[in-house]
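The values are calculated or read from the model by the stated rules, or taken from the named source; none is laboratory data. The structure presented is a predicted model; accordingly, all values stated were derived computationally and were not measured. Ideal geometry is used to build each Cβ from the backbone, glycine not excepted, and the neighbour counts take in all protein chains shown. Each accessible area value is taken on the protein alone, full model and side chains, heavy atoms only, with ligands, DNA and RNA left out. Shrake-Rupley method; radii C 1.70, N 1.55, O 1.52, S 1.80 Å.
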Amino acid sequence: MNRIRVWCEFASKTSVLGVSLLTATMLVALVFPALPINGELLDAKTGYSHSDAVTLMESYGESGRKVYARSSLTLDTLLPVSYTFLLAGLIYRFRPSDGLWWLALLPAAGGVLDLFENVHVVLLLNSYPDVPAGLVARSSSLTWLKHHALSISVVGAATLASVSALVRIAGRLRGKTL
């Protein structure tokens with residue numbers, strides 16, 4: 001078995017899924033909203049223009065930009081790791097056949113995009129007020145790609161878990177009627 005499949009099996013363990021769910025939920029629901037940034041996070045949007053980015057960075061103020069940059073390299077590194085483990089573990093656990101184990105790699109693509117996006121956001125924040133338009137365009141594209149990869153992964157994990165639950169319920173019902 002290759003190392004990637006070993007990682008997928010590890011991610012699908014109940015304890016790992018629980019810790020990943022708890023960590024991701026706490027970060028999204030409690031930690032990020034409490035950051036003293038004074039504005040919407042760039043990477044929480046699905047995309048943004050140069051003027052949108054500059055306006056937001058201005059609203060953060062110097063202190064908010066510093067907090068955002070630090071959190072992008074620390075807390076917002078933990079978030080993609082958490083949701084990658086969670087979604088990959090769910091997809092691997094509930095895949096319909098062993099040959100489809102590779103579907104668990106889709107959330108990893110979103111996680112990698114998120115990490116690249118974090119670096120770009122820090123570069124944007126550190127370049128303020130002279131924010132290069134090309135850097136904003138790349139950062140916004142990464143944000144858009146990350147959101148779509150994450151959405152596809154969430155829908156995939158939820159669909160596979162739902163189908164698996166329905167198959168189990170149907171199997172139990174068939175067993176009782178025979």
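Simple point charges give the picture: +1 on the Cβ of Lys and Arg, -1 on the Cβ of Asp and Glu, and for the chain a dipole about the Cα centre of about 1100 debye. Between 0 and 90 degrees, rounded to the nearest ten: what's the tilt of helix 50-73 against the longest Cα principal axis of the chain? Roughly 70 degrees, rounded to the nearest 10. In the context of the full protein assembly, residue 152 retains an accessible surface of approximately 110 Å², using a probe radius of 1.4 Å and ignoring ligands and nucleic acids.
Plainly put, the chain has a radius of gyration that is 1.09 times its Kirkwood radius, both from alpha-carbon atoms, as the Rg/Rh ratio. Could you do me a favour and compute the accessible area per residue for region 24-178, 1.4 Å probe, result in Å²? Per-residue value: 53 Å². Using the average count of surrounding beta-carbon atoms within 10 Å as a protection proxy, the listed peptides 14-25, 104-115, 140-151 rank, highest first, as 104-115, 140-151, 14-25. Placing a label point 7 Å from the Cα of residue 144 along the Cα-to-Cβ line, the residues of region 100-134 whose backbone N sits under 16 Å from it are 114, 117, 133-134. Full extension of the chain between residue 70 and residue 26 gives 14.0 nm of extra length, using 0.36 nm per residue less the Cα-Cα distance. The listed residues 66, 45, once ranked by accessible area (1.4 Å probe) with the largest placed first, stand as 66, 45.
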